[in-house]
1. Can you divide the C-alpha Rg of the chain by 2.2 N^0.38 Å and report the result to two decimal places?
2. List every residue whose amide H lies under 5 Å from the amide H of VAL34, counting only residues 5 or more places away in sequence or on a different chain, with H placed 1.01 Å from N in the peptide plane.
3. Only Cα pairs within less than 10 Å get springs; with that Gaussian network setup on the chain, which residue of GLU172, GLU122, GLU228 has the largest fluctuation?
4. Quick one: order THR241, THR139 by neighbouring beta-carbon count within 10 Å, fewest to most.
5. Could the peptides 191-199, 57-65, 210-218 be put in order, highest first, of the mean number of other beta-carbon atoms found within 10 Å of their residues?
6. Could you check which residue among ALA142, ALA26, ALA116 shows the biggest mean-square fluctuation in a GNM of the chain with a 10 Å Cα cutoff?
7. With a 10 Å cut-off between alpha carbons and a GNM built on the chain, which of GLY209, GLY49, GLY13 moves the most?
8. Sequence neighbours fewer than 8 away in the same chain don't count; with that in mind, list the lysines whose C-alpha is under 28 Å from LYS103.
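Here, each number is a calculation from the coordinates, and none is a lab measurement. Since the model is a prediction, treat every value here as computed from it, not as a measurement. All Cβ positions, glycine included, derive from the backbone under ideal geometry; neighbour counts span all protein chains shown.
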Amino acid sequence: MQHVVFNQKGGVGKSTITCNLAAISAWQGKRTLVIDLDSQGNSTRYLLGADMPEDLPNVAEFFEQSLKFTIRDKGASEYIVNTQWEGLDLMPSSPLLDELHSKLESRHKIYKLRDALELLAEDYDQIFIDTPPALNFYTRCALIAAQGCLIPFDCDDFSRRALYTLLENVAEIKADHNSELEVEGIIVNQFQARANLPQRMVQELIDEGLPVLQPYLRSSVRIRESHEQSMPMIFLDPSHTLTQEFVALHDALAQ
């Protein structure tokens, strides 16, 4: 199964959700891959740490080779690195993604990731794709390549307004490029159960018939410690309530 985690608004927890769901997948014994398409590289730093080597194979090199005329392209697996956790691999990000964007778009390389994932699906049970906070070339690549779309939502009025446009964009890509693409659900992140506004916003989404997933992910300082230590919650603190919410969310997606 290939999941793309997408929201055009920044700061909603895409990388956190991507890496924690992927870590749980690997922890449960599934062969799991994270692809980091965001040039900021938050998922890459989360899984590899701030001291990672600078010359790692990466997703920008994967795309860059598609612009060159060669007799034999390297397989996508050659741009994947292992993390410290068994069963969890990563195709790292690179700042070079920004430089390549216009070239890839003008050369219509939009299906390269889909073709690669069709082959990688033989090696991985689950693939999670982290995307930039924009509907750009890389996000479209991911939506065309994936089977399921997960949408983080942080109970903010700006997020809610953007949500409807986002859903329309996903529906358009499904109609034009990827008939298998489905919205798996909206992931409520940084939820404050005692505050009235988040409760009301989420209930309104449910009343509108939108696919809001449960459980909701609570706000916790522990997730910041997880980021700082480059260690997903399932490895940092398996018994924490937020960790158990991630596990329950992962298992709900697997059903």
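1. Relative to the 2.2 N^0.38 Å estimate, the chain comes out at 0.97.
2. The answer is ASP89, LEU90, MET91, PHE128.
3. Among GLU172, GLU122, GLU228, the largest GNM mean-square fluctuation belongs to GLU122.
4. THR241, THR139
5. On the way: 191-199: 12.7, 57-65: 21.0, 210-218: 17.2.
Ranked by mean Cβ neighbours within 10 Å, highest first: 57-65, 210-218, 191-199.
6. Judging by the Gaussian network model, the answer is ALA116.
7. GLY209
8. Within the straight-line limit of under 28 Å, LYS103 reaches these lysines: LYS9, LYS14, LYS68, LYS74, LYS112, LYS174.
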